Amino acid sequence: MEGVRQNTDRFRALVEAGVSISSELSLDALLQTLVEKAAELTGARYAALGVIDRAGTELERFVTTGIDPGAHAAIGDLPRGRGILGTLIREAKTLRLHDLTEDPRSAGIPPNHPPMHSFLGVPIVLRGVPYGNFYLTEKKGGEDFDDEDEEVVAHLASQAAVAIENARLYEAATGWSKQLESLNEVGNALATETDLDRLLDLIARRLRELLDARVVIVALPTGGDELRLAAVAGENADRLVDQTMTRSGSKSGRVLERAQSERTDSVLDDPDVDPEITRLLGARTGLWVPLVTRRGAIGVIAAHDKLGPDARFSDNDLRLAETFATRAAVAVDLSERFERDAFRRVIDALELERRRLSRELHDETGQALTSILLGLRALEDTLETEESRQATARLRELVVATLQDVRRLALELRPSALDDFGLVAAVEHLTTTFGEKSGMKVDFGAALGEERLPTEVETALYRIVQESLTNIAKHARAQRVSIALTKMEGSVKAVVEDDGQGFDPAATDGGFGLVGMGERLALLGGRLRIESSPGAGTTIAAEVPVQ
């Protein structure tokens with residue numbers, strides 16, 4: 001009768017454990033209940049349940065019963081899955097021991113741990129997938145655990161496996177729901193938000209929430225060898241945003257160059273990571289994802305240090321960051337296109353206004369001044385006194401000087417030769433005039449062939465040469481200037497060189513109209529190269545692709 005009653009009690013306890021699974025919403029509370037039931041039904045003094053992480057290598061949860069808080073504090077950190085616990089993780093087989101201390105695999109038990117001898121380990125498995133293990137020790141009366149104990153714990157293990165799988169499925173579903181909500185929010189912002197920094201800040205904040213990272217950064221190239229932290233979410237965000245770092249000396253710069261995502265579990269062991277940036281961010285782990293468009297990589301998203309005991313990012317985290325990087329790339333690309341289109345409209349409007357003013361000065365103002373000259377000459381013949389004739393002559397000289405200034409201004413605004421005869425004729429006239437006014441020796445050569453270049457290309461290269469000569473006259477103190485126009489396969493190039501005092505391009509802060517030159521060429525898919533150093537002259541090379 002005693003055995004029947006024990007079996008009935010055990011059956012009732014197992015039924016109660018099954019009811020707990022369907023009624024308890026908290027996984028930790030449910031696992032605690034199962035551990036306590038296992039200890040109660042087997043007569044174990046100590047019991048624990050370890051949940052294996054998704055990688056299947058160590059324990060992510062460890063629930064115990066029988067050890068009071070004081071003993072917990074004395075033991076220290078919870079086990080991660082080494083020694084005998086590691087054996088159960090690797091082999092996922094039931095293990096019964098008469099004396100745990102006599103098994104060589106039990107090494108690594110921490111100091112202050114209570115003595116444990118009899119041992120029962122039962123894997124928590126569902127459909128062949130291991131989720132964790134039950135660990136029971138110190139059966140009452142010093143007895144060994146038996147087959148009935150193993151059967152009871154195995155039943156509890158199957159219930160625990162269902163609970164863990166359901167919790168992970170719920171966690172995954174909740175995660176996907178949050179991801180979809182965040183992606184939908186970002187998608188809506190792409191359609192409505194025009195401020196790029198605000199949009200990137202939204203992307204950084206939402207990605208940080210989903211990754212559970214300490215800090216997420218969006219870095220964009222800002223000219224030269226620098227990356228600007230355009231958006232920062234997390235620790236010290238206000239202090240870090242708008243800071244710059246070098247491209248060549250940073251992990252972000254190398255990821256931008258390679259256009260490939262990277263992840264590291266220890267930034268200190270990664271040779272690409274800049275130690276200064278690591279100290280600035282206080283980073284231990286990291287992942288980096290490039291913002292890629294058809295034009296190539298245009299920025300980088302970086303995340304550092306998952307919150308919690310394990311700071312490492314997973315492959316799923318990397319894929320999630322790549323999804324957000326795609327949205328960020330669209331945002332940056334749209335913003336840059338909008339800026340280019342706006343700048344192109346400004347340039348087109350400016351050139352149109354220059355052309356209108358040039359023709360107006362040449363045709364209307366110039367003709368009016370010429371008519372005044374003719375009238376003054378006719379007036380001179382009618383004057384009787386020498387004093388009147390001298391006054392008229394002085395007035396005529398003033399009109400002549402004004403007419404010359406008007407023609408010069410009209411030429412600078414928009415030379416008619418550029419529209420009528422093309423780039424070579426316009427630059428040739430420009431260099432001749434420049435040499436006469438400045439006293440510098442100017443060499444000019446052109447090899448563009450007979451065919452005219454597209455109007456926008458001719459205009460851009462003419463303005464580059466014109467701006468370069470203006471800079472030389474103002475700043476270079478040069479004696480000799482060389483200008484060359486050449487056409488190669490697929491591109492046309494304008495090179496302006498001088499033997500002046502030179503300058504440090506990195507220290508100009510966009511002066512001398514260099515930013516405007518580069519932006520004008522960028523509209524045409526071209527590029528500007530500047531070579532100069534103090535005392536060594538300057539070379540400005542502009543190259544534009546042509547069909």
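Considering only the stretch 463-486, I want to know if a residue exists there that is of a type in the set (A, V, I, L, M), touching a Gly at 6+ places or on another chain (Cβ under 7 Å), modelled with pLDDT of 90 or more and within 27 Å of Asp225 (Cβ to Cβ). Looking for residues that are of a type in the set (A, V, I, L, M), touching a Gly at 6+ places or on another chain (Cβ under 7 Å), modelled with pLDDT of 90 or more and within 27 Å of Asp225 (Cβ to Cβ), one finds at least one in the stretch 463-486, hence yes. Please determine, by comparing only the residues of the stretch 171-192 that are surrounded by 12 or more Cβ atoms within 10 Å (Cβ to Cβ) and either among the acidic types (Asp, Glu) or without any contact (Cβ under 8 Å) to a residue 12 or more places away in the chain (or both), which one is farthest from Ala331 (Cα to Cα). Residue satisfying both the conditions and the ranking: Glu181. Restricting attention to the stretch 236-249 and to residues that are out of contact with any Leu (no Cβ under 6 Å at 6 or more places or on another chain) and within 18 Å of Ala213 (Cβ to Cβ), the residue that is surrounded by the most Cβ atoms within 10 Å (Cβ to Cβ) turns out to be Ala237. Restricting attention to the stretch 250-289 and to residues that are in a strand (DSSP E or B) and β-branched (Val, Ile, Thr), the residue that is surrounded by the most Cβ atoms within 10 Å (Cβ to Cβ) turns out to be Val289. Just one of the numbered conditions (1) touching a residue at least 12 places away in the same chain (Cβ under 8 Å); (2) open to solvent by 30 Å² or more (accessible area, probe 1.4 Å); (3) of a type in the set (A, V, I, L, M) is not true of Val399: (2). Quick one: would you say Phe134 is more than 52 Å from the chain's Cα centre (by Cα) and at pLDDT 90 or above? Taking the combined requirement at face value, the residue does not satisfy it.
Here Glu387 passes the criteria (1) modelled with pLDDT of 90 or more; (2) in a helix (DSSP H, G or I); (3) not β-branched (Val, Ile, Thr) except the one numbered (1). With respect to the stated conditions, Ile164 fails to be open to solvent by less than 90 Å² (accessible area, probe 1.4 Å), among the β-branched types (Val, Ile, Thr) and within 20 Å of Trp288 (Cβ to Cβ).
Of all residues in the stretch 435-490, count the ones that are open to solvent by 40 Å² or more (accessible area, probe 1.4 Å) and among the β-branched types (Val, Ile, Thr). Number satisfying all stated conditions: 3.
The number of residues in the stretch 502-547 that are hydroxyl-bearing (Ser, Thr, Tyr) and at pLDDT below 90 comes to 3. Is there a residue being β-branched (Val, Ile, Thr) and over 24 Å from Ala71 (Cα atoms) anywhere in the stretch 128-138? Among the residues of the stretch 128-138, at least one is β-branched (Val, Ile, Thr) and over 24 Å from Ala71 (Cα atoms), which makes the answer yes. If you go through the stretch 31-44 one residue at a time, do you hit one that is modelled with pLDDT of 85 or more, outside any helix (DSSP H, G or I) and either within 19 Å of Phe145 (Cβ to Cβ) or over 45 Å from the mean Cα position of the chain (by Cα) (or both)? Yes, the stretch 31-44 contains at least one residue that is modelled with pLDDT of 85 or more, outside any helix (DSSP H, G or I) and either within 19 Å of Phe145 (Cβ to Cβ) or over 45 Å from the mean Cα position of the chain (by Cα) (or both).
Determine if the stretch 349-358 includes at least one residue that is touching a helix residue (DSSP H, G or I) at 6+ places or on another chain (Cβ under 7 Å), under 30 Å from Gly516 (Cα atoms) and aliphatic (A, V, I, L, M). For the stretch 349-358, residues touching a helix residue (DSSP H, G or I) at 6+ places or on another chain (Cβ under 7 Å), under 30 Å from Gly516 (Cα atoms) and aliphatic (A, V, I, L, M): present.
The condition of being closer than 25 Å to Tyr462 by Cα and not β-branched (Val, Ile, Thr) holds for only one of Asp348, Asp381, that being Asp348.
Taken over the stretch 407-427, the residue count meeting the criterion of being in contact with a helix residue (DSSP H, G or I) (Cβ under 8 Å, 6 or more places away or on another chain) and crowded, with 17+ Cβ neighbours inside 10 Å is 11.
Number of residues in the stretch 311-348 that are modelled with pLDDT of 80 or more and open to solvent by 40 Å² or more (accessible area, probe 1.4 Å): the value is 11.
Of the residues screened, Thr382 is not one that is part of a helix (DSSP H, G or I) and of a type in the set (Val, Ile, Thr).
Within the set Ala44, Ala92, the sole residue that is open to solvent by 30 Å² or more (accessible area, probe 1.4 Å) and under 17 Å from Leu156 (Cβ atoms) turns out to be Ala92.
How many residues are out of contact with any Ser or Thr (no Cβ under 7 Å at 6 or more places or on another chain) and not in a helix (DSSP H, G or I) if we restrict to the stretch 391-424? Of the residues in the stretch 391-424, 3 are out of contact with any Ser or Thr (no Cβ under 7 Å at 6 or more places or on another chain) and not in a helix (DSSP H, G or I). Looking across the stretch 295-345, just one residue is closer than 19 Å to Thr222 by Cα and part of a loop (DSSP other than H, G, I, E, B), and that is Arg295. The residue list Val442, Val457, Val481 contains one member that is closer than 12 Å to Ala494 by Cβ and in contact with a strand residue (DSSP E or B) (Cβ under 9 Å, 6 or more places away or on another chain), which is Val457.
When the stretch 110-131 is filtered for residues that are assigned to a loop (DSSP other than H, G, I, E, B) and either on the phi > 0 side of the Ramachandran plot or surrounded by 17 or more Cβ atoms within 10 Å (Cβ to Cβ) (or both), the ones remaining, listed by number, are Asn112, Met116, Ser118, Arg127, Gly128.
The values are calculated or read from the model by the stated rules, or taken from the named source; none is laboratory data. Worth saying up front: this structure is predicted, and the values here are computed from it rather than measured. Methodologically, a virtual Cβ is constructed for each residue, glycine included, from the backbone with ideal geometry; neighbour enumeration extends over all protein chains shown. What goes into the accessible areas is simple: the full protein's heavy atoms, side chains included, and nothing from ligands, DNA or RNA. Shrake-Rupley method; radii C 1.70, N 1.55, O 1.52, S 1.80 Å.
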